[in-house]
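A.B. asks: Starting off with a structure, shown below.
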Amino acid sequence: MALLEVRDLDMVFGGVHAVQNLSFSVRPGTIHSVIGPNGAGKTTLFNMITGLYKPTRGAIYLGGDAVTAKPPHELARKGMSRTFQNLQICFNMSALDNVMVGSHLRLNQRLMPAMLRLPKLKKADSACREQAAELMKFVGVGQYVKADASQMPYGALKRLEIARALAAKPKLLLLDEPAAGLNNTETKEIDELIQKVAHSGVTVVLVEHDMKLVMGISDHILVLDYGKKLAEGTAEEIRRNPDVIVAYLGGA
Amino acid sequence: MLVTAAVILALPLFLPNPFYYDVVIRIGMNAIMVVGLNLLIGYAGQISLGHAGFLALGAYASGILTGRYGWPPIAAMAAGMAGVGILAYVLARPILKLKGHYLAMATLGMGIIIFIVLTQESQWTGGPDGMSVPAFSLLGRELSGEKNWYWVTGALLMLALWLALNVIDSPVGRALRALHGSEVAAQVAGVDTSHFKVLVFVLSAVIASATGSLMAHYIGFITPTVSSFFHSIELVTMVVVGGMASIFGSVVGAAILTMLPQLLSGFEGFELVAFGAILMLTMIFMPRGLVPTLAAKLRRA
Ligand SMILES: Nc1ncnc2c1ncn2[C@@H]1O[C@H](COP(=O)(O)OP(=O)(O)O)[C@@H](O)[C@H]1O
Ligand SMILES: [Mg+2]
């Protein structure tokens with residue numbers, strides 16, 4: 001069964017039809033990429049899947065359950081997690097605390113135990129803090145464990161977001177242009193990181209412009225153009241698809 | 001925390017007369033209120049320009065229930081906190097959907113309504129002339145004298161600081177700071193942001209109500225001006241001057257702005273000017289507030 005299924009999805013903003021009649025499904029344990037030129041509707045699609053936008057029409061299923069337009073925090077509870085194309089970092093917090101926000105649902109979130117500093121909560125919190133530090137090392141920003149988020153460079157913040165997303169121990173991870181703005185070395189490191197994450201059993205949906213990265217790691221690719229599905233298939237199939245060659249790769 | 005405890009313990013050695021005790025007690029009470037307000041404004045990033053209203057409701061709950069109905073002060077205080085908590089909960093849902101200026105305006109309106117109600121319902125509140133409030137007593141023992149009030153206020157301030165620091169250093173505190181830093185990031189990480197906004201709004205309102213009850217008993221007289229817009233602004237200024245998202249900043253902010261009128265007592269009418277000037281200078285030169293700015297300087301040095 002598909003882990004994520006999107007059926008006849010539409011999103012209209014005033015006059016802009018950002019996503020049109022889109023259906024696809026993501027098998028568990030795969031890396032599923034979504035590509036398309038700027039403005040194709042990729043981020044809008046992510047925003048609908050993660051509950052930030054309410055689709056104009058259509059339905060979204062996670063593990064077989066209808067989750068259309070459920071609030072983001074409920075979707076997080078069901079194992080969904082994501083990063084943002086335009087960084088969403090809490091600059092009023094330390095790097096480590098940013099990652100720990102990701103473990104919110106795994107800790108007791110009630111006020112009374114917090115206020116009274118109950119030892120059980122403190123213990124769970126410290127354990128989470130250690131795991132968060134481990135995660136920062138895992139994504140390659142271990143040197144910033146003691147830093148404030150505001151002291152970190154752009155490339156490191158992109159990884160910090162991945163660490164935060166992983167702290168939730170998600171089943172499904174959506175990455176919106178994780179390599180954007182990174183140099184070649186950094187992009188290669190992100191490539192390896194995504195593969196490591198996928199190997200650990202997390203299903204990944206990836207939006208990315210770097211074709212080398214996408215073609216190399218994707219099990220399945222969905223091509224969007226003006227909000228519509230242009231093509232779908234393995235990297236090899238996409239490379240050979242005449243529509244894609246004309247519309248997206250510019251005949252190259 | 002230890003520093004504050006030491007200051008509270010050592011201060012009586014340096015206080016020459018009851019007048020100074022009075023100032024310090026008022027600082028302590030304001031600090032308790034401002035610690036709660038800082039959780040809302042500084043940590044969770046939600047402005048309120050109406051919190052003096054909650055303070056006043058607590059004060060009047062104590063005044064009316066003890067004065068007219070003979071309730072024990074502690075029961076009146078608890079009833080005030082419960083009532084204000086419920087009111088804040090009901091108001092918070094619609095109000096905290098708003099952001100920025102809209103939230104500021106809505107909370108301002110809330111404070112004004114409370115002020116009008118307290119002024120108009122004179123059969124209960126004594127109207128603009130105010131009402132007197134019986135002394136605080138517990139188990140038949142009356143709390144009186146500056147020294148006793150000093151120790152009670154000091155102990156309650158320490159309690160408030162301890163509770164607030166615990167909250168901040170917990171998943172709840174992180175959720176509050178995260179919804180301030182990036183609401184969408186907090187949401188997709190699983191934080192029910194509207195729940196936490198309501199939670200911190202109610203918490204700060206309940207603390208305000210408790211402080212109001214204390215002040216009412218301590219001063220022995222209350223008027224609707226406690227709930228005035230100006231008082232709300234004064235409280236927010238304490239948060240801002242001391243430092244947003246700084247618990248000890250709240251104490252410092254409360255101290256500075258409570259002492260201000262005393263320091264300027266020779267210059268009648270000058271208070272407001274000095275007050276405005278302090279707010280402006282803080283925003284321009286130390287937008288993060290006194291304590292965070294100094295802490296950053298020290299760390300760099
Ligand atoms: N919140 C919004 N309000 C209005 N229009 C939007 C909004 N979000 C996206 N759009 C529009 O939807 C289209 C798709 O944008 P987006 O999903 O960001 O594309 P992509 O991520 O593929 O570059 C664009 O035309 C964009 O201007
Ligand atoms: Mg995009």
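The values are calculated or read from the model by the stated rules, or taken from the named source; none is laboratory data. For clarity, every value in this text was computed on a predicted model and none was experimentally measured. Positions of Cβ are backbone-derived with ideal geometry, glycine not excepted, and every protein chain shown enters the neighbour counts. SASA here: full protein model, heavy atoms, side chains in, ligands and nucleic acids out. Shrake-Rupley method; radii C 1.70, N 1.55, O 1.52, S 1.80 Å.
A.B. asks: Whether any residue in region B:240-247 is open to solvent by 20 Å² or more (accessible area, probe 1.4 Å) and either part of a helix (DSSP H, G or I) or farther than 23 Å from B:F54 by Cβ (or both) is what I want to check.
C.D. replies: Step one: filter region B:240-247 for residues open to solvent by 20 Å² or more (accessible area, probe 1.4 Å), giving B:244-245.
If we keep only those that are either part of a helix (DSSP H, G or I) or farther than 23 Å from B:F54 by Cβ (or both) as well, we get none.
Within region B:240-247, none of the residues are open to solvent by 20 Å² or more (accessible area, probe 1.4 Å) and either part of a helix (DSSP H, G or I) or farther than 23 Å from B:F54 by Cβ (or both).
A.B. asks: Here is a follow-up. Taking the stated definitions as given, is A:G181 in contact with a Phe, Trp or Tyr (Cβ under 9 Å, 6 or more places away or on another chain) and more than 14 Å from chain B (Cβ to nearest Cβ)?
C.D. replies: On the way: in contact with a Phe, Trp or Tyr (Cβ under 9 Å, 6 or more places away or on another chain): yes; more than 14 Å from chain B (Cβ to nearest Cβ): yes.
Yes.
A.B. asks: Looking at (1) in contact with a helix residue (DSSP H, G or I) (Cβ under 8 Å, 6 or more places away or on another chain); (2) under 20 Å from B:S228 (Cβ atoms); (3) part of a helix (DSSP H, G or I), which one does B:I47 not meet, given that it meets all the others?
C.D. replies: (3)
A.B. asks: Which of the following residues is among the small types (G, A, S), under 30 Å from A:R164 (Cβ atoms) and either crowded, with 24+ Cβ neighbours inside 10 Å or touching a residue at least 60 places away in the same chain (Cβ under 8 Å) (or both): B:G220, B:G289?
C.D. replies: Details: B:G220 fails: under 30 Å from A:R164 (Cβ atoms).
Only one candidate qualifies: B:G289.
A.B. asks: Out of curiosity, is A:A132 within 12 Å of chain B (Cβ to nearest Cβ) and either open to solvent by less than 40 Å² (accessible area, probe 1.4 Å) or modelled with pLDDT under 95 (or both)? If you could, list the steps in order and put the result at the bottom.
C.D. replies: Working: within 12 Å of chain B (Cβ to nearest Cβ): yes; either open to solvent by less than 40 Å² (accessible area, probe 1.4 Å) or modelled with pLDDT under 95 (or both): yes.
Criteria met by A:A132.
A.B. asks: Then there is this: Scanning region A:1-16 for residues that are more than 8 Å from ligand 1 (Cβ to nearest atom) and either open to solvent by less than 20 Å² (accessible area, probe 1.4 Å) or modelled with pLDDT under 95 (or both), which turns out nearest to the other protein chains (Cβ to nearest Cβ)? Working first, answer last.
C.D. replies: So in region A:1-16, the residues more than 8 Å from ligand 1 (Cβ to nearest atom) come out as A:1-10, A:12, A:15.
In the following step, the residues that additionally are either open to solvent by less than 20 Å² (accessible area, probe 1.4 Å) or modelled with pLDDT under 95 (or both) were identified as A:1-2, A:4, A:6, A:9-10, A:15.
Values: A:M1: 24, A:A2: 21, A:L4: 15, A:V6: 18, A:L9: 19, A:D10: 22, A:G15: 25 Å.
Only one residue tops the list, namely A:L4.
A.B. asks: Shifting gears a bit: Return the residue satisfying two criteria in turn: it lies in region B:195-217 and is of a type in the set (S, T, Y) and more than 14 Å from chain A (Cβ to nearest Cβ), and of such residues it is surrounded by the most Cβ atoms within 10 Å (Cβ to Cβ).
C.D. replies: Filtering region B:195-217 down to residues of a type in the set (S, T, Y) leaves B:204, B:209, B:211, B:213.
Next, only the ones that are more than 14 Å from chain A (Cβ to nearest Cβ) stay: B:209, B:211, B:213.
On the way: B:S209: 33, B:T211: 28, B:S213: 31.
Once the filter is applied, the top-ranked residue is B:S209.
A.B. asks: Quick one: would you say A:I89 is touching a Ser or Thr at 6+ places or on another chain (Cβ under 6 Å) and either open to solvent by 10 Å² or more (accessible area, probe 1.4 Å) or away from ligand 1 (no atom under 16 Å from the Cβ) (or both)? Quick ask: steps written out before the conclusion?
C.D. replies: On the way: touching a Ser or Thr at 6+ places or on another chain (Cβ under 6 Å): no; either open to solvent by 10 Å² or more (accessible area, probe 1.4 Å) or away from ligand 1 (no atom under 16 Å from the Cβ) (or both): yes.
Spelling it out, it is not the case that A:I89 is touching a Ser or Thr at 6+ places or on another chain (Cβ under 6 Å) and either open to solvent by 10 Å² or more (accessible area, probe 1.4 Å) or away from ligand 1 (no atom under 16 Å from the Cβ) (or both).
A.B. asks: Right, something else. Any residue in region A:77-103 that is at the interface with chain B (Cβ under 7 Å from one of its Cβ atoms) sitting within a Cβ distance under 8 Å of a residue that is within 16 Å of ligand 2 (Cβ to nearest atom) and assigned to a loop (DSSP other than H, G, I, E, B)? List the pairs, counting only those 6 or more apart or interchain.
C.D. replies: Taking only residues 6 or more apart or on different chains, the pairs are A:R82/A:T50.
A.B. asks: Just to verify a result, which residue in region B:57-71, among those that are of a type in the set (A, V, I, L, M) and surrounded by 24 or more Cβ atoms within 10 Å (Cβ to Cβ), is nearest to B:A210 (Cα to Cα)?
C.D. replies: Our first condition is that a residue be of a type in the set (A, V, I, L, M); within region B:57-71, this holds for B:57, B:59, B:61, B:64-65.
In the following step, the residues that additionally are surrounded by 24 or more Cβ atoms within 10 Å (Cβ to Cβ) were identified as B:57, B:59, B:61.
Numbers: B:L57: 10, B:A59: 8, B:A61: 10 Å.
Out of the qualifying residues, it is B:A59.
A.B. asks: Looking only at region A:104-128, count every residue that is more than 10 Å from chain B (Cβ to nearest Cβ) and open to solvent by 80 Å² or more (accessible area, probe 1.4 Å) and tell me the total. Full working, then the answer.
C.D. replies: Step one: filter region A:104-128 for residues more than 10 Å from chain B (Cβ to nearest Cβ), giving A:119-120, A:123, A:126-127.
This time we only want the ones that are open to solvent by 80 Å² or more (accessible area, probe 1.4 Å), so: A:119-120, A:123.
Of the residues in region A:104-128, 3 are more than 10 Å from chain B (Cβ to nearest Cβ) and open to solvent by 80 Å² or more (accessible area, probe 1.4 Å).
A.B. asks: Hey, another quick one. From the set of residues in region B:129-142 that are open to solvent by less than 30 Å² (accessible area, probe 1.4 Å) and assigned to a loop (DSSP other than H, G, I, E, B), which is modelled with the highest pLDDT? Steps first, please.
C.D. replies: Initial filter on region B:129-142 (open to solvent by less than 30 Å² (accessible area, probe 1.4 Å)): B:130-131, B:133, B:136.
With the extra rule that they be assigned to a loop (DSSP other than H, G, I, E, B), the set shrinks to B:130, B:133, B:136.
Values: B:G130: 84, B:V133: 88, B:F136: 79.
So the residue we want is B:V133.
A.B. asks: Filter region A:28-48 down to the residues that are away from ligand 2 (no atom under 13 Å from the Cβ) and of a type in the set (V, I, T), then identify the one that is surrounded by the most Cβ atoms within 10 Å (Cβ to Cβ).
C.D. replies: Out of the qualifying residues, it is A:I31.
A.B. asks: Separate question: Tell me, which residue of region B:99-111 that is open to solvent by less than 80 Å² (accessible area, probe 1.4 Å) and modelled with pLDDT of 90 or more is nearest to B:E183 (Cα to Cα)? Reasoning before the result, please.
C.D. replies: Looking only at region B:99-111, we keep the residues that are open to solvent by less than 80 Å² (accessible area, probe 1.4 Å), and these are B:100, B:103-104, B:106-111.
Among the residues that remain, those that are also modelled with pLDDT of 90 or more are: B:103-104, B:106-111.
Working: B:L103: 15, B:A104: 18, B:A106: 20, B:T107: 20, B:L108: 23, B:G109: 25, B:M110: 24, B:G111: 26 Å.
Within region B:99-111, the match that is nearest to B:E183 (Cα to Cα) is B:L103.
A.B. asks: Given the conditions (1) within 16 Å of ligand 2 (Cβ to nearest atom); (2) open to solvent by 10 Å² or more (accessible area, probe 1.4 Å); (3) in contact (Cβ under 8 Å) with a residue 60 or more places away in the chain, and given that A:K171 satisfies all but one, which numbered condition is not satisfied?
C.D. replies: (1)
A.B. asks: Considering only region B:73-85, I want to know if a residue exists there that is assigned to a loop (DSSP other than H, G, I, E, B) and of a type in the set (A, V, I, L, M).
C.D. replies: Start the filter on region B:73-85 by keeping residues that are assigned to a loop (DSSP other than H, G, I, E, B), which leaves none.
No - not one qualifying residue is present in region B:73-85.
A.B. asks: Any idea which of A:V202, A:V214 is closer than 21 Å to A:N86 by Cα and among the hydrophobic types (A, V, I, L, M, F, W, C)?
C.D. replies: On the way: A:V202 fails: closer than 21 Å to A:N86 by Cα.
Result of the check over A:V202, A:V214: A:V214.
A.B. asks: Let me ask something else about it. Taking region B:174-194, which residues are out of contact with any Leu (no Cβ under 8 Å at 6 or more places or on another chain), more than 7 Å from every other protein chain (Cβ to nearest Cβ) and open to solvent by less than 10 Å² (accessible area, probe 1.4 Å)?
C.D. replies: B:L179
A.B. asks: Still on this structure, please answer the following. Being polar (S, T, N, Q), more than 14 Å from chain A (Cβ to nearest Cβ) and under 20 Å from the mean Cα position of the chain (by Cα) is the requirement here; does B:T153 meet it?
C.D. replies: On the way: polar (S, T, N, Q): yes; more than 14 Å from chain A (Cβ to nearest Cβ): yes; under 20 Å from the mean Cα position of the chain (by Cα): yes.
So B:T153 passes the test.
A.B. asks: Tally time: how many residues in region A:62-84 are open to solvent by 50 Å² or more (accessible area, probe 1.4 Å) and in a strand (DSSP E or B)?
C.D. replies: 2
A.B. asks: Regarding region A:38-56, can at least one residue be identified that is touching a residue at least 12 places away in the same chain (Cβ under 8 Å), away from ligand 1 (no atom under 16 Å from the Cβ), under 21 Å from A:L175 (Cβ atoms) and not hydroxyl-bearing (S, T, Y)?
C.D. replies: So far as region A:38-56 goes, no, none of its residues is touching a residue at least 12 places away in the same chain (Cβ under 8 Å), away from ligand 1 (no atom under 16 Å from the Cβ), under 21 Å from A:L175 (Cβ atoms) and not hydroxyl-bearing (S, T, Y).
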